[in-house]
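What follows is a single structure, written as structure tokens, with notes after it.
Each value in this text was obtained by applying a stated rule to the coordinates, not by laboratory testing. Being a predicted model, the structure only gives us computed values, none of them experimental. Every residue, glycine as well, gets a Cβ built from its backbone with ideal geometry; the counts of neighbours run over all protein chains shown.
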Amino acid sequence: MRRFGAKIGQGVRIKPGVRIKFPWRLTVGDHVWIGENAWIDNLALVTIESHVCLSQDIYLCTGNHDWSDPHFQLITAEIYIEQRSWIAARAIIGPGVRVGQGAILGLGSVTGHSLAAMTIYAGNPAQLIKKRTIREAIPEMIQNTSESLTPDSKFSVAE
């Protein structure tokens, strides 16, 4: 991926079957998980900050068509996913969406609108379910988590 222009951080896991249309329009932070068969249809820039989970079969689509134009001209807009967010399995994000820090988009949900930080959305179209709260972490848990995020050559991005 890096050889084709993608900017990929440390400890990134890209599982089998992931499709990325234009690697040179992709920026991924550290310790990001991209699950099996995820499709990043990046006609425009896609930015994924650190500690994000994109679950299996998600679809990020940066393009749409102008239905008022007789030629259906292509319209593109970037997608930006802030740190510590989770896009659950089979969820879809449309063009121009910004996912706020720590936001969650639930299983099979579809959004064409930005998601506020520290919130949980679900449904089609995705609706705000509730604010997200995080329990205080125990120091030992933090240590164990950071140790488990070391790169695994089988699934890490190759140079």
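Let's see if you can work this out: charge +1 on each Lys and Arg Cβ, -1 on each Asp and Glu Cβ, no other charges. What is the dipole magnitude of the chain about its Cα centre, in debye to the nearest 20?
80
Report ³J(HN,Hα) in whole Hz for each residue of segment 90-100, in order, from the Karplus equation J = 6.51 cos²θ - 1.76 cosθ + 1.60 where θ = phi - 60°; Gly and Pro get x.
Here the 3J(HN,Hα) series is 6, 7, 10, 10, x, x, x, 8, 10, 9, x Hz.
Taking only pairs that are 8 or more places apart or on different chains, how many Lys pairs in the chain have Cα atoms under 23 angstrom apart? The partial results should precede the final answer.
Working: K7/K15; K7/K21; K7/K154; K15/K154; K21/K154.
So the count works out to 5.
Against the longest principal axis of the chain, how steep is helix 139-148, in degrees 0 to 90 to the nearest 10, with axes from Cα atoms?
Tilt of helix 139-148: around 70 degrees.
If I take R0 = 30 Å and measure r between the Cβ atoms of K15 and E78 in this structure, what FRET efficiency does the formula 1/(1 + (r/R0)^6) give, to the nearest 0.05? If you can, show how the numbers build up before the last one.
Details: r = 24 Å, r/R0 = 0.78.
With R0 = 30 Å, the Cβ-Cβ based efficiency is 0.80.
Taking the alpha-carbon centroid of each part, what is the distance from segment 20-60 to segment 69-92 in angstrom?
Taking the Cα centre of each part, segment 20-60 and segment 69-92 sit 11 Å apart.
List the residues whose amide H sits under 5 Å from the amide H of V28, counting only those 5 or more places along or on another chain, with H placed 1.01 Å from N in the peptide plane.
Those lying under 5 Å, H to H, from V28 are K7, I8, G9, I48.
Rounded to a whole number of µm²/s, how large is the Stokes-Einstein D of segment 2-148 at 25 °C and 0.890 mPa s, given Rh as the Kirkwood radius over C-alpha pairs?
On the way: Rh = 15.7 Å.
The estimated diffusion coefficient comes to 156 µm²/s.
Calculate how many DSSP beta bridges within segment 2-148 are antiparallel, expressed in % of all such bridges and rounded to the nearest 5.
Roughly 20 percent of the DSSP beta bridges within segment 2-148 come out antiparallel.
From the C-alpha coordinates alone, can you work out the Kirkwood hydrodynamic radius of segment 28-104, in Å?
On the way: mean 1/r = 0.0789 Å⁻¹.
Across segment 28-104, the inverse of the average 1/r is 12.7 Å.
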